[in-house]
Each structure stands twice: as C-alpha cells, then as structure tokens.
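Notes for the one structure printed next.
What follows draws every value from the coordinates through simple rules; no lab data is involved. This is a predicted model, so every value here is computed, not measured. Here the Cβ positions follow ideal geometry from the backbone for every residue, glycine too, while neighbour counts run over all protein chains shown.
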Amino acid sequence: MAVVHSSVGILFRDITTLCVDPEAFHATIDAYAARYAESNIDYVAGVDSRGFIFGAAVAYKLRKPFLMIRKIGKTPGAHSTLSISLTHV
C-alpha cells in the first residue's frame, strides 16, 4: 500500500488495492477476527470511513454488534456522545 498522506507519527495509507482484492481482504478480516475470537467482547467499534469498512466486516465475522464512531452530527438516529482530547506525538 502506498502512503497517501502523513503527519508526524501518523501514516495514512491507500487501502484501495486491499479492498479490490477479494482474497487479500478476506485474509485481512479473518486475521482481525481471529485475534479477538476468544475474547469476551460485546461490540466492535470502527472510527470513520476505514474503521467502518474493516470494523463492520469483523463484527459480522464475530457476530457482534457494530458501533460507528463519528464526529457529532454525522450519524443519524440515536447516538451517544463522549468527549476526548486527541494528541499526536
């Protein structure tokens, strides 16, 4: 995957090639799901677009509810809020 954008300490990579390759995408989701298969988790949460792609697939695989984490006002329907402070090193 090519680096599309970066900030100090953060790399944003292009996931297009992974998403269009069914075998690679399947292997990735299986690897994530296997990591948590024996965990006592109640939910899978994903943060915005990439988190939605991978998180929803992992939640499906684990048969767990999926929580979408977004900025205020971006998700319709019932929601909860949590205030956090983000710091990047």
With only alpha-carbon atoms in the gyration tensor, what are the semi-axes of the equivalent ellipsoid for the range 3-69, in Å, largest first? 22, 15, 11
For V20 and K74, FRET efficiency with R0 = 30 Å and r from the beta-carbon atoms, rounded to 0.05? 0.70
Given Cβ point charges of +1 (Lys, Arg) and -1 (Asp, Glu) and nothing else, what value in debye, to the nearest 20, does the dipole of the range 3-69 about its Cα centre take? 140
Could you list which residues have their amide H under 5 Å from that of L67, counting only those 5 or more apart in sequence or on another chain, with H placed in the peptide plane? V44, A45, G46
